[in-house]
Amino acid sequence: MSRDYLTIGGSASVDLILQRATGKYKKAKEQTLIFSSTGSQAGMNDMLKDVYDIGFLSRKLKDGPEQPEQDFDNDNTY
């Protein structure tokens, strides 16, 4: 199913930064971003459960399911 929005959620401590970033994204992409400041742990858990498309954290990833399956080389490999 194709959607014209993304859902994101996570750390409340980066809420202001996220509000500014989503505003710029909406203007550039003409796509809606729905975000919730639920806390880092809830953001990660909901992303892993496919509730959110993107989870944002203000802490390091924990060992286990939070760690990405692929290592990125200087964040340039996608």
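The values are calculated or read from the model by the stated rules, or taken from the named source; none is laboratory data. In this text, all values refer to a predicted model and were calculated from it rather than measured experimentally. Methodologically, a virtual Cβ is constructed for each residue, glycine included, from the backbone with ideal geometry; neighbour enumeration extends over all protein chains shown. Heads up: the accessible areas ignore ligands, DNA and RNA and are worked out on the full protein's heavy atoms, side chains in. Shrake-Rupley method; radii C 1.70, N 1.55, O 1.52, S 1.80 Å.
What pairs can you find where one residue is in segment 27-44 and touching a residue at least 24 places away in the same chain (Cβ under 8 Å) and under 19 Å from Ser13 (Cβ atoms), the other is open to solvent by 60 Å² or more (accessible area, probe 1.4 Å) and among the β-branched types (Val, Ile, Thr), and their Cβ atoms are less than 9 Å apart, with a gap of 6+ or different chains?
These pairs meet every condition: Leu33/Ile54; Phe35/Ile54; Gly43/Ile54.
Collect the residues in segment 1-36 that are surrounded by fewer than 18 Cβ atoms within 10 Å (Cβ to Cβ) and under 17 Å from Arg59 (Cβ atoms), keeping them in residue-number order.
Hits for segment 1-36 are Ala12, Ser13, Val14, Asp15, Ile17.
Does Gly55 satisfy the criteria of being free of Cβ contacts under 8 Å to residues at least 12 places away in the same chain and not aliphatic (A, V, I, L, M)?
Here the answer is no, as Gly55 does not meet what is asked.
For segment 48-70, check the following and say yes or no: at least one residue is among the β-branched types (Val, Ile, Thr) and at pLDDT 80 or above.
Yes; the residues of segment 48-70 include at least one that is among the β-branched types (Val, Ile, Thr) and at pLDDT 80 or above.
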